[in-house]
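Everything on this sheet refers to the single structure shown next.
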Amino acid sequence: MSINDLQRVATAGLAGLLILGAVDHLHAQGWIEPNTHRHMPTPVQRVRSDVFIRVDAERRVAYVEVEEIFRNITGVMMEGDYLYPIPQNAVFTDFSLFIGEEELRGEVLPADEARRIYEEIVRRKKDPALIELVGQGLLRSRVFPIDPGAERRVILRYTQLLGKDGDLLRLSYPRVAANVFCKKCEEAPVDRRPLREHPFTLRITVQGAERFATPYSPTHSIEVREREEDELEITHRGSGRARDFELFLPLRESFIGASIVAHALAGEPGYFMLLIAPPAAGRETEIPRDVTLVLDVSGSMSGEKMEQARAALDQILDGLRTEDRFRLITFNSVVRSFRRDFARADRRTIREARDYLAGVRAEGSTNIMDALTEALAPEAEDDRLSMIVFLTDGKPTVSETDPARIAEAAEKIRDGERVFAFGVGYDVNTYLLDRMAEGGRGTVSYVRPGEDVEEAVSSLTRKIAHPALSDLRIVRAPAQLEDFYPNPLPDLFYGDELVLFGRYRGDGAGELVLEGRRAGRSQRFTYRVDLPRRESDNNFIPRLWAARKAGALTAYVRLHGPEPEVIEEIRQLGLRYGIITEYTSYLVEEPQLAMREPEFALDRAQRLATAPAEQVGGEAFKRAEASSHLRDTAQLEDADRLVAGAAAAAYRGDLEGNVRLEQSVRHVGRRLFVLRDETWTDVGFHHSLQVIGLAPFSDAYFELVRRMPELKQYLALGARLLIAGDGVALEVAPDGQESWRPGELDAVLKGLEGSL
């Protein structure tokens with residue numbers, strides 16, 4: 001079956017259904033007994049998934065092999081029924097289901113027959129999760145018998161054409177697969193969720209590593225390493241909620257590669273992701289650095305913390321190049337320097353600096369004011385990148401102790417230095433550390449008690465090792481780019497992509513112009529990009545943008561106080577994108593109250609407001625850490641984890657409450673749902689909306705899905721669902737209508753359009 005054939009079938013609504021080993025006659029004969037118990041574990045479970053993908057970059061083709069293992073966990077013989085999605089632009093190659101030594105094969109059915117069979121499966125199984133597979137190519141495998149405790153191995157192979165967005169190649173792997181296992185499904189349908197958590201490994205090999213900059217996934221955490229023979233290996237290991245995997249491979253078609261990916265709905269500004277990818281280190285001229293290392297050696301740093309800090313600074317010293325210069329400052333009650341001025345990073349001087357570090361003892365108080373003044377004293381030079389790494393585990397206790405005055409004094413003397421601050425443990429003043437990083441293009445990292453300081457610093461060391469461009473900014477774009485994060489743009493380093501999320505007004509194709517400085521000279525780079533008026537793909541962008549914005553706003557509130565306009569922005573992010581913060585966790589507890597009383601968020605923020613000097617201790621540390629993590633969010637996986645943690649904080653210290661809360665909160669698309677009276681309820685719902693009921697799995701239900709396929713991810717939540725739109729709300733419930741009254745379907749479509 002060719003790619004063109006597959007695309008033609010897809011336009012009919014279901015891109016082919018592969019049937020293997022049908023055993024309907026077994027049901028009719030009553031060999032398979034019904035299971036009427038709801039919410040029990042799936043009797044035949046997927047115990048692991050291993051995906052191997054080989055990418056031919058020159059031909060833009062991916063060769064995919066999926067191996068999955070299922071086990072019958074019951075004490076009786078079972079039947080297995082498995083649906084698997086085939087992505088767009090893919091050609092099915094081979095499917096093998098092994099029963100002992102026997103290998104079974106599949107066949108392709110016409111699209112109309114595939115749709116009929118699929119809808120019959122959904123109606124019979126009454127499993128809302130199956131609706132997510134509407135519109136995708138499907139493979140269906142049914143096998144009987146599976147003996148008690150026995151395993152079955154499935155191997156699927158297909159070939160996929162890679163998409164191209166600007167200077168990016170794009171690989172998509174659909175993880176939304178449903179394994180539906182039951183006894184005598186025709187007689188006793190079971191309302192059952194498919195198994196969603198199991199060990200999952202995805203390994204991608206890419207030939208021709210020299211063609212690409214650093215790969216990036218907006219959905220999952222990945223590990224990337226270069227192998228011999230110019231090959232990249234990209235790995236993801238996990239077992240979390242099944243989510244489609246997306247991978248971008250930036251092409252090295254210019255010195256600095258840049259591509260824009262967009263998501264745009266009618267009637268509102270679009271969303272964009274800008275990926276800027278320089279080549280690996282050593283390919284072009286690097287910017288020489290002036291690196292100032294500032295280490296707290298007060299008494300509280302004694303012991304293991306001090307040893308880890310020494311090892312961390314050793315790593316930074318190791319990474320210095322001959323054209324770099326460095327200073328080494330230690331402080332407790334007094335401030336001391338290894339050398340008065342910057343020293344050249346030659347072997348002898350670095351060895352002497354290590355000897356100096358080895359002789360430092362942890363004792364005395366914490367004089368942050370004088371240490372910071374000393375670090376910022378030299379004037380930054382235009383042709384060098386000035387960087388300060390500041391590591392402390394305490395609040396200021398001598399000299400100036402007011403964190404606000406220390407921050408203000410530092411701002412007055414700073415002239416372009418990037419400050420990278422590390423707060424170790426709960427005793428740090430988070431206000432002061434955040435203010436250190438706020439004024440420039442640096443960052444602040446928080447190291448929890450017991451965590452390895454060396455490990456935290458080493459990640460920064462790798463990132464800032466090879467500067468490519470400083471003072472980066474966007475000069476021109478074919479539409480107005482706004483509200484983007486991070487802002488201002490950080491410096492660009494070789495071997496480390498920069499990912500920017502933002503909004504845009506207007507649309508069109510044209511030139512994107514970036515400008516930066518290298519070795520004291522300004523350089524410009526021009527790219528052809530397209531910012532469309534409407535684009536339904538790339539729906540990961542809005543949530544990652546919202547997470548970063550929420551992180552920036554919550555940090556602003558901690559530093560500058562709870563301004564009503566800022567708190568309202570945070571509240572709206574929580575309502576629309578499900579971004580739960582310390583100011584919006586009540587959305588989970590009392591969503592109706594949140595809708596009726598916008599001032600509730602401001603009251604909460606005012607209660608949490610803390611003076612700069614009081615932003616010390618475990619709670620302040622966790623609040624600052626949460627903002628920092630949100631600001632750096634780059635994968636949906638991370639966003640889910642952070643939101644779940646923030647929501648669970650509503651039950652502080654209550655383990656059962658945390659579990660109960662996590663089970664009753666779901667983020668889908670751009671909405672947050674909470675479980676209320678067995679109904680998944682959109683937190684944006686309020687009683688002034690006109691409610692239109694709909695019976696699940698009815699003719700009207702499938703007609704709605706065909707007219708608005710974007711709804712399938714929401715309908716997959718369950719057979720009881722309440723979702724809000726503009727002036728109308730859709731309620732899916734068993735007592736809902738099975739056919740549409742005149743005008744109702746159009747009202748639902750209009751009310752939900754543009755908000756999904």
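Between Asp147 and Leu608, what's the calculated FRET efficiency when r is the beta-carbon distance and R0 is 45 Å? Round to 0.05. If you can, show how the numbers build up before the last one.
Numbers: r = 58 Å, r/R0 = 1.29.
Rounded to the nearest 0.05, the efficiency is 0.20.
For the stretch 404-423, the residues whose amide N sits under 20 Å from a probe point set 7 Å from the Cα of Lys463 along the beta carbon direction are 416-423.
How do 512-522, 492-502, 353-363, 552-562 rank on mean C-beta neighbours within 10 Å, highest first?
Details: 512-522: 16.5, 492-502: 21.0, 353-363: 14.9, 552-562: 19.5.
Descending packing order for the listed peptides: 492-502, 552-562, 512-522, 353-363.
Here the label points at Glu411 and Thr93, each 7 Å from Cα along the C-beta direction, are separated by 5.9 nm in the simple model.
Accessible area per residue, 1.4 Å probe, Å², for the stretch 294-376: what's the number? Result: 46 Å² of accessible area for each residue.
Can you give me the % of accessible surface on the stretch 406-542 that is carbon or sulfur? Probe 1.4 Å, all protein chains present, nothing else counted. Please list the in-between numbers first.
Numbers: 2330 of 5730 Å².
It is 41 percent, rounded to a whole number.
Report note on the peptides 60-66, 717-723: ranked by the mean count of other C-beta atoms within 10 Å, highest first, their order is 717-723, 60-66. Once the chain from Glu451 to Asp56 is taken as fully extended at 0.36 nm per residue, the excess over their C-alpha distance is 138.1 nm. Distance in nm between label sites at Leu749 and Glu103, each 7 Å beyond Cα in the beta-carbon direction? Those two pseudo-labels are separated by 4.7 nm.
At 0.36 nm per residue, and after removing the present C-alpha to C-alpha distance, how many nm does the segment from Thr205 to Asp383 gain when stretched out fully?
Working: separation 178, 0.36 × 178 = 64.08 nm, distance 3.94 nm.
Between Thr205 and Asp383, full extension yields 60.1 nm more.
Here the stretch 705-756 is assigned +1 on the Cβ of each Lys and Arg and -1 on the Cβ of each Asp and Glu. Its dipole about the Cα centre then comes out at about 160 debye.
Work out how much length Glu738 to Val47 would gain on full extension: take 0.36 nm times their residue separation and subtract the Cα-Cα distance, in nm to one decimal. Provide the component values of the computation, followed by the final result.
Working: separation 691, 0.36 × 691 = 248.76 nm, distance 3.75 nm.
Between Glu738 and Val47, full extension yields 245.0 nm more.
The packing ranking of peptides 605-617, 625-637, 704-716, highest mean first, is 625-637, 704-716, 605-617, where packing means the average number of other beta carbon atoms within 10 angstrom of each residue.
Working from label points 7 Å from Cα in the Cα-to-Cβ sense, the Arg706 to Glu511 distance is 4.9 nm.
The values are calculated or read from the model by the stated rules, or taken from the named source; none is laboratory data. From a predicted model like this one, the values you see are computed outputs, not experimental measurements. All Cβ positions, even for glycine, are placed from backbone atoms using ideal geometry, and neighbour counts span all protein chains on display. Accessible surface areas use protein heavy atoms only, side chains included; no ligands, DNA or RNA. Shrake-Rupley method; radii C 1.70, N 1.55, O 1.52, S 1.80 Å.
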